[in-house]
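First comes the structure, then the notes that go with it.
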Amino acid sequence: MTNNSVADITLGDFWGLDGTELDDNLGTSAIICRTRKGIQLFNRITDRSVTRRMDLNNVKRGNQCYSTPVKKFSEDLSESFFESLEKYGYKQALQLLNNKNALTRK
């Protein structure tokens, strides 16, 4: 995710709230309205949500992916993960993926 996005709205986890008044251990989402259309859509849900306006720098500070995209796994690792997921379940598939990914970084 970058400032160059053409999306009307960008959604993501809001990391970096630990120890603040917003830290409720339930998870907080960041909603970035990038266009007028995005603001209009967001305004349609605010009466059914708990929202707080935040400075974009607060979002960026705890969310490295805002300015540095996540690296995509190779097709081999992705395929291997989904095969393991089907065979062994989520936890074991994730563990196998992490082990294989660690080996490819060396």
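The values are calculated or read from the model by the stated rules, or taken from the named source; none is laboratory data. This is a predicted model, so every value here is computed, not measured. Because the Cβ atoms are built from the backbone with ideal geometry, glycine has one as well, and the counts that use them run over all protein chains shown. With ligands, DNA and RNA removed, areas are computed over all heavy atoms of the protein, side chains included. Shrake-Rupley method; radii C 1.70, N 1.55, O 1.52, S 1.80 Å.
Pick from the stretch 28-41 the residues that are part of a loop (DSSP other than H, G, I, E, B) and within 17 Å of Val6 (Cβ to Cβ): which of them is least open to solvent (accessible area, probe 1.4 Å)? Please lay out each step first, then the result.
Narrowing the stretch 28-41 to residues part of a loop (DSSP other than H, G, I, E, B): 28, 34-35.
Add one more test, that the residue is within 17 Å of Val6 (Cβ to Cβ), and what stays is 34-35.
On the way: Arg34: 62, Thr35: 46 Å².
Top of the filtered list is Thr35.
For the stretch 1-27, name all the residues that are open to solvent by less than 70 Å² (accessible area, probe 1.4 Å) and farther than 14 Å from Lys60 by Cα. Break it down stepwise before answering.
Applying the first criterion (open to solvent by less than 70 Å² (accessible area, probe 1.4 Å)) to the stretch 1-27 yields 2, 5, 7-10, 12, 14, 16-17, 20, 22-23, 27.
If the condition is that a residue be open to solvent by less than 70 Å² (accessible area, probe 1.4 Å) and farther than 14 Å from Lys60 by Cα, then Ser5, Ala7, Asp8, Ile9, Thr20, Leu22, Asp23, Gly27 are the ones that fit.
Tell me, which residue of the stretch 42-59 that is part of a helix (DSSP H, G or I) and open to solvent by less than 70 Å² (accessible area, probe 1.4 Å) is nearest to Gly12 (Cα to Cα)?
Initially, the stretch 42-59 is screened for residues part of a helix (DSSP H, G or I), giving 42-43, 46-48, 56-59.
Then keep just the ones that are open to solvent by less than 70 Å² (accessible area, probe 1.4 Å); that gives 42, 46, 56, 58-59.
Values: Phe42: 14, Thr46: 17, Leu56: 13, Asn58: 13, Val59: 10 Å.
Ranking the candidates gives Val59 first.
When only residues in the stretch 65-97 that are surrounded by 12 or more Cβ atoms within 10 Å (Cβ to Cβ) and either outside any helix (DSSP H, G or I) or within 18 Å of the chain's Cα centre (by Cα) (or both) count, which is modelled with the lowest pLDDT?
So, considering only residues that are surrounded by 12 or more Cβ atoms within 10 Å (Cβ to Cβ) and either outside any helix (DSSP H, G or I) or within 18 Å of the chain's Cα centre (by Cα) (or both), the one modelled with the lowest pLDDT is Phe73.
Under 6 Å between Cβ atoms, at least 6 apart or on separate chains: pull out the pairs that start in the stretch 29-53 with a residue that is free of Cβ contacts under 8 Å to residues at least 60 places away in the same chain and under 25 Å from Asp18 (Cα atoms) and end on any residue that is in a helix (DSSP H, G or I) and hydrophobic (A, V, I, L, M, F, W, C).
So the pair list comes out as Ala30/Val59; Cys33/Ile39; Cys33/Phe42.
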